[in-house]
Amino acid sequence: MLVGGIEAGGTKFVCAVGDQTGKIIAKTSFPTEGPDETFQEVKRFFADYSLEAIGIGSFGPVDLDKTRATYGTILNTPKLKWKNCDVLNRLKTDFQLPVYLDTDVNAAALGEYKYGAGKDAGSCLYITVGTGIGAGFVKDGKTYIGKNHPEMGHILVQQREDDKFAGNCAYHGSCLEGLASGPAIEKRYGKKGNLLADQQDVWELEAYYLAQAIMNYYLILSPERVIIGGGVMKQEQLYPLIQEKVLELMNRYVAIENIEDFIVAPNLQDEQGIKGAIALTLRDKGV
Ligand SMILES: Nc1ncnc2c1ncn2[C@@H]1O[C@H](COP(=O)(O)OP(=O)(O)OP(=O)(O)O)[C@@H](O)[C@H]1O
Ligand SMILES: [Zn+2]
């Protein structure tokens with residue numbers, strides 16, 4: 001059985017054809033233009049295949065509240081051409097197939113859970129630290145959606161006293177994303193993160209914020225594994241710093257037996273989003 005996956009990002013779309021084992025047989029990507037041009041490309045790519053369903057992990061905010069008429073629509077986005085775009089029905093109309101929609105991070109979480117670093121865990125939290133910060137949670141094969149999807153990147157964390165940066169979240173200033181995303185690092189230090197690799201203090205502060213967030217997520221969700229990916233985590237020295245800080249903050253309140261197995265890097269070489277989108281099509285099959 002072949003299914004289609006779409007990783008719908010704000011800057012690029014990735015489309016792939018694969019099967020339920022996570023095997024991808026064809027893949028393409030193109031820049032995200034307006035909805036008309038972009039969905040035209042999607043249609044062109046999938047036209048060569050006989051698919052049974054399509055899964056899409058979408059940038060947002062996207063309405064995932066099934067009780068609303070706007071279910072499946074992109075809500076208030078700065079990408080004006082996409083505002084109010086009914087992604088779900090558009091795909092259903094174009095392909096006349098079942099379409100499974102979730103957020104981009106939930107799809108990535110599902111990809112790692114099924115095929116990657118969460119394969120042997122009953123639940124996992126996937127955090128991406130990139131242009132934005134987001135997280136998705138999967139338990140027993142199902143992604144978590146509340147009334148609408150969570151926005152875990154915007155939680156409040158304690159700012160370290162010596163950090164005078166006001167934060168760059170347009171809504172909250174110094175929320176987690178405002179203090180620890182890639183653009184926050186760039187704004188605080190006047191340089192992109194990849195040029196700050198040898199500055200230990202930069203990554204200690206970054207780990208301080210990410211560790212607080214992980215402690216909060218852990219106390220609320222109790223995931224079996226935490227997977228952290230995204231551009232900023234290319235700084236591999238962050239992993240031990242975060243692991244150490246989480247243990248310190250937790251202060252043995254909850255015992256974490258093996259921190260190296262608990263907080264880990266992704267395992268799907270940047271394919272967690274697209275493989276997760278494919279896996280979304282299994283949602284009703286109990287696979
Ligand atoms: N090697 C690196 N070290 C530190 N920061 C990096 C590195 N590579 C990329 N970044 C930062 O990561 C951010 C981009 O993240 P990512 O590559 O995950 O892209 P993205 O898909 O735009 O992010 P998002 O998932 O938020 O949409 C940029 O702010 C960039 O400066
Ligand atoms: Zn915020």
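Read-outs throughout are calculated quantities, based only on the coordinates presented, and are distinct from any laboratory measurement. Not measured: the values here are computed from a predicted model. Don't worry about glycine lacking a Cβ; one is built from the backbone with ideal geometry, like all the others, and counts go over all protein chains shown.
Post the alpha-carbon centroid distance, region 36-69 to region 217-235, in whole angstrom. Here the answer is 27 Å between Cα centres. Loop-located GluC sites (Glu not before Pro) across region 33-94 with a Cβ neighbour count of 15 or fewer within 10 Å are Glu33, Glu52, with loop assigned by DSSP. Among the chymotrypsin sites (Phe, Trp or Tyr not before Pro) in region 211-276, those placed in a DSSP loop whose Cβ has at most 10 other Cβ atoms within 10 Å are Tyr253.
Along each principal axis, taking the top coordinate minus the bottom one, the Cα set of region 117-264 gives 43, 34, 26 Å in descending order.
Considering only C-alpha atoms, what is the centroid distance from region 154-200 to region 248-283, in Å? Taking the Cα centre of region 248-283 as reference, the centre of region 154-200 is 23 Å away. Charge dipole of region 117-264 (Cα centre as origin; +1 on each Lys and Arg Cβ, -1 on each Asp and Glu Cβ, all else neutral): 520 debye, rounded to the nearest 20.
So for the chain, Kirkwood radius off the Cα pairs, Stokes-Einstein at 10 °C and 1.306 mPa s: how many µm² s⁻¹?
Working: Rh = 19.4 Å.
So the translational diffusion coefficient is about 82 µm²/s.
Relative contact order for the chain: 22 percent, from Cα pairs under 8 Å spaced at least 6 residues apart, divided by residue count.
What dipole magnitude, in Debye to the nearest 20, does the chain give about its Cα centre under +1 on Lys/Arg Cβ and -1 on Asp/Glu Cβ?
Working: 30 positive and 37 negative charges, 149 e Å.
In total the dipole reaches around 720 debye.
Annotation: amide H-H contacts under 5 Å for Gln159 (H modelled 1.01 Å from N, sequence separation of 5 or more, or interchain): none. Pairs of Lys residues in region 3-104, spaced 8 or more positions apart or belonging to different chains, with C-alpha separations under 24 angstrom: 22 in total. Count Lys and Arg as plus one, Asp and Glu as minus one, and take only other residues whose Cβ is under 9 Å from that of Gly116; the net charge is then +1.
Restricting attention to region 117-264, lysine pairs at least eight places apart or on different chains and with alpha-carbon atoms under 27 angstrom apart total 19. The H on the amide N of Phe13, modeled in the peptide plane, is under 5 Å from the matching H of Phe30, Thr32, each at least 5 residues off or on a different chain.
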